[in-house]
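Data block below; observations after.
The values are calculated or read from the model by the stated rules, or taken from the named source; none is laboratory data. As the structure is a computational prediction, the values presented were derived from the model and not from experiment. Quick reminder, even Gly has a Cβ in these numbers, built from the backbone with ideal geometry, and neighbours come from all protein chains shown. Protein only, heavy atoms only, side chains kept; ligands, DNA and RNA dropped before computing areas. Shrake-Rupley method; radii C 1.70, N 1.55, O 1.52, S 1.80 Å.
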Amino acid sequence: MKAGTLFGGWRFPLSALLALCLLLMLTGCWDRREIEERTSVVGIAIDKSTTHPDMVLLTVQIPIPIKIAGSGGGKSGGGGKEAVKIMSSEGRTVLEAFQNLQKRLNQELFYGHTRVIAIGEALAKEGVNPIFDPFRRTPQIRRLLWPLVVKGDARELLQAGPNLEQIPIVYVMTMIENGTKTGRLPDMNLGNFYIDLSSKSSEPYLNYMEVHGDDIKWSGIAVFKRDKMVGTLSEDEAWSLLMMSEKKDGGYVTFPYKGRAGELVTVSTEYIKSKKQISFTDGRPVVRIKVFLEGNLLEKTFPSDLFKASEISQLQEGAEAYLNKEAKDLIHKLQKDYKSDILGIGDRLRSYYPKQWKQMNWSQDFPYADIVVTYDLKIRNTGMEMR
């Protein structure tokens, strides 16, 4: 058969054959679903059931488009609690709870717009692997959303109604996003949490939230041992962790000058870097972490002559002493109380010292490692002073 010849001897130009082939490829999207036929879920909360101990309580936050300002709903447009629907359902597993919830809706649930997955503290202490298993498997769930642990019941986070955003859960999302950008909060999204959850050389952690009515507050870090929550770190402890592990400033540093509670100094941290050195003594890891900071004097509640270099040196020494003590207390809590390496020291050992790593059981050896953190802070700007 010659080029351009089809069945029965009919002949077509080569361009017509090419056009026919392209036409066959335009079969459309066979599994498409219009956005109007879906119900978007922006927030998910999972708690232990209060009525059935062997079941989980699933709560979702669903936006109501007609009640969102600017949606064309006229006077019905608004925001806050009125712009969303909160629905709950129980099940023996998370997926079964979703299925039971779907039975009460006229449209298919869609999770491509989900921004927050909140876990109740009681459930987090029992283990989160069964909770996150279905989220690992569905392509709709984004790895960049924020998993959180909520003190008390996670559903309270979805029921809160801060009025600064039209959709309440967006308020939580932007709180975390802006906090990570400014270095005040850990950048622990779902993808990073999965990595730490699967790692044999480090332990995971999540941002920890508290809810009081409509007020939502970041309250530090939830610490995990394997997939179980074992405790929390306060805001100051979380900031110390950020400085030594993620090289983030963690916000302002406020400390008592020369140990006097009534004389406080606040310093910002504009530049930060850290250096880790690891050695071994009789097979025991010896870890030295040096954190270098540069910052500005923002506030002091007592008179002093900052035109004297000695006064600046005393402020720097006071800040270093305060930060060193905070770091020492944090290391003690992680090693002795929680036995959880959320610092990522095991990752460095496994990468740079593979021979020694193979001889260790890091989960058992971490509490006995010799870890010391020291700070070197330089105040570059003290602001204006009156003389």
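Here are the numbers for the structure shown:
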| read-out | value |
| --- | --- |
| Residues being open to solvent by 60 Å² or more (accessible area, probe 1.4 Å) and either touching a Cys at 6+ places or on another chain (Cβ under 8 Å) or not in a loop (DSSP other than H, G, I, E, B) (or both) - total across the range 339-362 | 8 |
| Matching entry among 275, 336 (being part of a strand (DSSP E or B), basic (Lys, Arg) and under 25 Å from residue 356 (Cβ atoms)) | 275 |
| Subset tally (residues that are touching a residue at least 60 places away in the same chain (Cβ under 8 Å) and basic (Lys, Arg)) for the range 330-362 | 4 |
| Subset of the range 233-242 (residues that are open to solvent by less than 50 Å² (accessible area, probe 1.4 Å) and free of Cβ contacts under 8 Å to residues at least 60 places away in the same chain) | 238, 242 |
| Strands (runs of 3 or more DSSP E) lying entirely in the range 79-121 (those with 3 or more residues that are within 25 Å of the chain's Cα centre (by Cα)) | 84-91, 116-120 |
| Per-region count, the range 12-67, residues modelled with pLDDT of 75 or more and basic (Lys, Arg) | 3 |
| Options 158, 148, 144, 101: the member that is among the hydrophobic types (A, V, I, L, M, F, W, C) and open to solvent by 40 Å² or more (accessible area, probe 1.4 Å) | 144 |
| Some residue of the range 162-176 being open to solvent by less than 50 Å² (accessible area, probe 1.4 Å), of a type in the set (Ser, Thr, Tyr) and not in a helix (DSSP H, G or I) | no |
| Qualifying residue in the range 246-256 (condition: loosely packed, with under 14 Cβ neighbours inside 10 Å, modelled with pLDDT under 95, over 23 Å from the mean Cα position of the chain (by Cα) and not in a loop (DSSP other than H, G, I, E, B)) | no |
| Flag if residue 206 is open to solvent by less than 30 Å² (accessible area, probe 1.4 Å) and not in a strand (DSSP E or B) | no |
